[in-house]
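Heads up: the structure comes next, in structure tokens.
The values are calculated or read from the model by the stated rules, or taken from the named source; none is laboratory data. Just so it is clear, the model here is predicted, and its values are computed rather than measured. All Cβ positions, glycine included, derive from the backbone under ideal geometry; neighbour counts span all protein chains shown.
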Ligand SMILES: N[C@@H](CCC(=O)N[C@@H](CS)C(=O)NCC(=O)O)C(=O)O
């Protein structure tokens, strides 16, 4: 029997790939619930017309005639309406921690990437969107997109290095949800797929430890995150003088170093010179 579908208002670029991180997260969320996406295509201009005046921002869905707006609103709706399907937010703590994680991720990574890729972002949009995207993003970023993007090769290595908290967690776990994905994975993959929808140069090392997680999440639901219009985000080369793109050793201390008694801490104790 075919799955039930919801009408899904997409936000796309000229390749046909979704651009918005919010929309990407929501596509995965709908599929997680076992529902199919009945996609209404479109770019940045004409959202109000496409949605009959219901919203200026996407994502939006219509389920059995009911309009549901906002990525987080849609997730709450899906968990409430389809309690028998796997939960997106299986415990209230997931929502709280994900909000903290997401705020860190935008501040440390997505925002800085936007400043490295805002010209690519405009160039990949549909022709009819370019004027609006150029002017609105220049206001958001405080200057012409070419000026803001300039010098990105000098900034990308440090942004890659800033992703270490995610690498530490995902070295030990297949998904942010643990052994199976949940909304935390979808929310964070949204930022990576936003980048993949537009990046004309890679942002992360080819052997970045995040890559298996990225590929694992993209492959879910018949390859939802493997749209042919996406660009490679792995392949950044470290130049002389650049910081390491990632930490090869993983976590060595604190929460990542289990104390099983003095033998386990002896080397560190000696190194820091604690008197007996
Ligand atoms: N709080 C909203 C934010 C959605 C949002 O800002 N969407 C952007 C795309 S990333 C949008 O629709 N932009 C339309 C525009 O820029 O005109 C949500 O979580 O759904």
Is it the case that region 219-233 has a residue that's surrounded by 14 or more Cβ atoms within 10 Å (Cβ to Cβ), within 30 Å of residue 181 (Cβ to Cβ) and in contact with a strand residue (DSSP E or B) (Cβ under 8 Å, 6 or more places away or on another chain)? yes
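Results for (1) crowded, with 16+ Cβ neighbours inside 10 Å; (2) more than 14 Å from the ligand (Cβ to nearest atom); (3) within 25 Å of residue 145 (Cβ to Cβ), shown as yes or no for each residue.
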site	(1), (2), (3)
50	yes, no, no
65	no, yes, no
68	yes, no, no
81	no, yes, no
85	no, yes, no
89	yes, yes, no
119	yes, yes, yes
127	no, yes, yes
Restricting attention to region 15-29, and to residues there that are away from the ligand (no atom under 13 Å from the Cβ) and out of contact with any helix residue (DSSP H, G or I) (no Cβ under 6 Å at 6 or more places or on another chain), which single residue is nearest to residue 217 (Cα to Cα)? 17
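Right, residue 215: closer than 26 Å to residue 156 by Cβ, modelled with pLDDT of 95 or more and exposed (fewer than 14 other Cβ atoms within 10 Å of the Cβ) or not?
Values: closer than 26 Å to residue 156 by Cβ: yes; modelled with pLDDT of 95 or more: yes; exposed (fewer than 14 other Cβ atoms within 10 Å of the Cβ): yes.
For residue 215, the condition - closer than 26 Å to residue 156 by Cβ, modelled with pLDDT of 95 or more and exposed (fewer than 14 other Cβ atoms within 10 Å of the Cβ) - is met.
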Inside region 204-253, the number of residues satisfying the requirement of being free of Cβ contacts under 8 Å to residues at least 40 places away in the same chain and part of a loop (DSSP other than H, G, I, E, B) is 14
So, restricting to helices (runs of 4 or more DSSP H) that lie completely within region 135-197, which ones have at least 2 residues that are surrounded by fewer than 21 Cβ atoms within 10 Å (Cβ to Cβ)? 145-149, 152-161, 164-171
What is the number of the single condition among (1) within 17 Å of residue 22 (Cα to Cα); (2) touching a strand residue (DSSP E or B) at 6+ places or on another chain (Cβ under 8 Å) that residue 81 does not meet? (1)
